[in-house]
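Values in this text are rule-based calculations from the coordinates and carry no lab data. Because the structure is a prediction, the values reported are computed rather than measured. Cβ: placed from backbone, ideal geometry, glycine included. Neighbour counts: every protein chain shown.
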């Protein structure tokens, strides 16, 4: 009898990149939820650790979750979101303190991610 050869199928992506992407997605959700919840909880904006946690999450997301092909769309969307947040805080103060704090938190979160992604994009352009 002839032996049957078994071919083992392996995934094309290594496990570490899949878990890093998953961690990045979870961190992104955590950052968005923290930015919103920190704005809804009274007087939580008085504690600077909230902004530092959001900035740290933004840094980790920029490192773990944004790939080279996603850099330009992410930066364009991030610029739009940051302009919206700044405009709402500057020109619509009647929306209240809660909305202002939520947008301040989003600026800290998304702004840090954009700093990492734009720096990476600049290095990629210089490398090519």
Query raised in the report: Using the beta-carbon distance between residue 76 and residue 41 and R0 = 30 Å, what value does 1/(1 + (r/R0)^6) give for FRET efficiency, to the nearest 0.05?
Result: 0.40
Query raised in the report: Two-decimal Rg/Rh of the range 19-127 from alpha-carbon positions, Kirkwood Rh?
Result: 1.01
Query raised in the report: On full extension of the chain, what length is gained from residue 120 through residue 20, given 0.36 nm per residue of separation minus the C-alpha to C-alpha distance?
Result: 34.3 nm
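What area, in nm² and to one decimal, does the C-alpha convex hull of the range 79-128 cast on average over all directions?
Here the figure is 3.5 nm², rounded to one decimal.
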Report task. Please check which bits of the range 66-85 a label hung off residue 95 would reach, taking the label as a point 7 Å along Cα-to-C-beta and the cut-off as backbone N under 18 Å. Result -> 77-85
